[in-house]
């Protein structure tokens with residue numbers, strides 16, 4: 001089986017031989033095509049700023065650029081591969097050259113999702129797709145069902161988180177070739193693993209974005225973002241801009257076989273058109289590849305806009321399958337570490353209340369005023385949504401890497417409370433996610449790194465350190481100077497996982513805990529999630545958290561967790577139902593319970609027949 005996505009732009013191989021080159025450049029009247037040999041070839045100007053040329057001798061492997069009048073030669077913004085990095089020529093790729101082996105793959109329903117976020121460059125010592133592919137069986141054996149790759153779009157240099165990509169259709173060469181990426185996805189499917197891709201549709205990186213030179217209409221100066229003028233989703237001539245990103249979403253799913261996309265920072269997309277670009281992408285995926293297999297859209301959205309997560313009467317998502325739930329992370333982090341700086345300040349007043357609300361209803365902020373967000377209301381009601389609409393976690397690349405030194409939560413939190421937090425997340429009806437290495441409490445940090453040079457490198461380095469000035473620990477300039485330089489190779493190298501840790505204490509104990517919790521989830525919870533219609537309820541009793549969820553077919557799932565520093569007694573008799581998980585829970589003679597710090601009890605009450 002072979003796959004390809006037909007695009008109206010870029011380089012497309014023709015059935016009869018040759019290649020059609022097409023570029024949208026409404027900002028210039030003339031564009032020439034430059035191949036590796038020979039003089040520039042003028043392209044034909046079409047309507048609405050399009051330029052096109054068919055070259056009979058151009059085949060797969062041909063390298064090309066576009067020459068602008070009195071300007072630089074630029075890569076194709078729809079390049080499928082840029083082997084010499086973002087400033088070099090693009091390469092014609094035959095998407096049908098790879099032969100797929102996953103013909104019977106139809107994906108997995110979202111309620112089965114157990115997600116593992118990874119950065120290809122630091123996941124293995126080699127930092128390649130091939131090396132990561134060799135580790136997939138270990139993830140499948142652990143109980144992971146979905147691997148989420150941080151962005152792959154070609155970025156400047158040899159190392160980057162991926163959010164500075166500028167060639168949205170080209171997998172970065174630091175990780176391998178397009179064929180190796182397809183082989184990775186193919187191998188994952190053979191193991192029953194979904195593969196999700198993180199994509200960035202809210203901005204381009206600060207280096208290598210040539211669109212301003214020949215296509216200023218790609219941006220809308222009426223909307224400002226942290227990265228400058230917003231991408232033009234709602235201004236004049238937005239039609240082709242929107243098509244660029246809709247095709248990009250379809251391209252990754254159709255041509256590379258991805259099972260879904262994670263859309264970065266949807267709250268930073270400026271779109272006031274009648275149909276938001278997120279909804280247009282969702283519809284294109286649903287009406288395209290989604291007709292034949294399970295395809296999922298996951299959002300990051302700091303505005304907690306629950307309307308993107310709405311379900312139809314059949315519980316099928318109208319738009320997105322789920323959203324990353326930063327609220328649950330912030331609440332858990334505050335409970336387990338006691339930190340109150342930055343965005344944790346919103347949760348410091350009653351962290352257990354916030355944790356209960358996020359577990360039971362999704363968002364902690366559902367329209368309440370957020371002190372951290374300039375005392376503005378934040379969020380929309382979310383308790384009516386099924387729990388699987390929320391991706392919950394203790395760590396992500398953001399929450400680790402945006403710390404000054406990239407410390408993971410096991411270096412910060414109280415161990416018994418962290419164990420309870422993992423039980424809360426992995427045994428809740430939410431879609432749980434682990435960040436690479438978290439399953440064995442990796443001691444290696446995950447730091448912010450990039451590969452910029454000269455003035456841009458200085459700006460990023462200094463800007464990074466200035467961000468921490470408002471924290472008490474970094475008010476002294478000498479303290480800020482110790483923050484690792486994002487551009488240094490050592491910063492990147494320090495972030496690579498040490499896989500040998502998995503067999504050592506205390507890492508193997510953490511791995512055993514995660515494996516046990518995921519096995520219990522798979523056996524007792526997942527079979528009852530498909531028909532769950534809404535969230536649940538919670539109450540806080542001192543340091544005790546009680547949460548109850550209605551599941552499918554009338555069953556009920558109950559959680560009791562103790563986040564205090566000393567022993568506690570429950571003030572009610574144990575709930576009816578079958579114990580699923582018990583840790584640190586001791587029955588007392590009168591039917592009450594004594595709970596150690598970090599104790600957890602999970603029970604399942606089956607439907608009454």
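Structure data summary
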read-out: The stretch 135-184 - convex hull of alpha carbons, volume per residue in Å³; value: 91 Å³
read-out: Paired Rg and Dmax values of the stretch 30-163, which use every Cα atom, in angstrom; value: 19.8, 57
read-out: Mean shadow area of the stretch 233-390 over all directions, Cα convex hull, nm²; value: 10.5 nm²
read-out: Distance (nanometres) between label positions extended 7 Å along Cα→Cβ at residue 275 and residue 402; value: 3.2 nm
read-out: Prolate/oblate/rounded call for the stretch 330-487, Cα gyration tensor, a/c under 1.5 rounded; value: prolate
read-out: Dimensionless Rg ratio for the chain, taking C-alpha atoms and the 2.2 N^0.38 Å reference; value: 1.00
read-out: Per-q log10 I(q)/I(0), the stretch 183-269, q = 0.14 Å⁻¹ (Debye; single scatterer per alpha-carbon; no solvent); value: -0.58
read-out: Whole-number D in µm²/s for the stretch 533-605 (Stokes-Einstein; Kirkwood sum over Cα pairs; 20 °C, 1.002 mPa s); value: 171 µm²/s
read-out: Antiparallel bridges, percent of DSSP beta bridges restricted to the chain (to nearest 5); value: 70 percent
read-out: Fewest-first ranking of 1, 194, using other Cβ atoms within 10 Å as the exposure measure; value: 1, 194
read-out: Pairwise label distance in nanometres, residue 594 with residue 345, each label 7 Å out on the Cα-Cβ vector; value: 4.2 nm
read-out: Pairwise Cα inverse-distance average, inverted: Kirkwood Rh of the stretch 262-331 (Å); value: 12.8 Å
read-out: Whole-Å semi-axes of the ellipsoid equivalent to the stretch 413-490 (Cα gyration tensor, √5λ, descending); value: 33, 17, 12
read-out: Principal semi-axes in Å for the stretch 91-147 [√(5λ), Cα gyration tensor, largest first]; value: 23, 20, 10
read-out: Convex hull of the stretch 10-91 built on C-alpha atoms - directionally averaged projected area, nm²; value: 5.2 nm²
read-out: Part-to-part distance (alpha-carbon centres) for the stretch 306-322 and the stretch 1-65, which is given in Å; value: 39 Å
read-out: Computed FRET value (nearest 0.05) for residue 471 with residue 369, which takes r as the C-beta separation and R₀ as 25 Å; value: 0.60
read-out: Solution diffusion estimate, µm²/s, Stokes-Einstein, the stretch 48-127, Kirkwood Rh from C-alpha pairs, 20 °C, viscosity 1.002 mPa s; value: 126 µm²/s
read-out: Protection-proxy order for peptides 173-179, 550-556, each taking the mean of Cβ atoms within 10 Å per residue, highest first; value: 173-179, 550-556
read-out: Peptide ranges 296-308, 273-285 listed from the most packed, as the mean C-beta count within 10 angstrom indicates; value: 296-308, 273-285
read-out: Cα centroid separation - the stretch 530-594 against the stretch 390-446, whole Å; value: 22 Å
read-out: Most to least packed among 356-362, 133-139, 251-257 [average Cβ atoms within 10 Å]; value: 356-362, 251-257, 133-139
read-out: Calculated over the stretch 483-609: convex hull of Cα atoms, volume per residue (Å³); value: 196 Å³
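Each value in this text was obtained by applying a stated rule to the coordinates, not by laboratory testing. Everything numeric in this text was worked out from a predicted model, so none of it was measured. All Cβ positions, glycine included, derive from the backbone under ideal geometry; neighbour counts span all protein chains shown.
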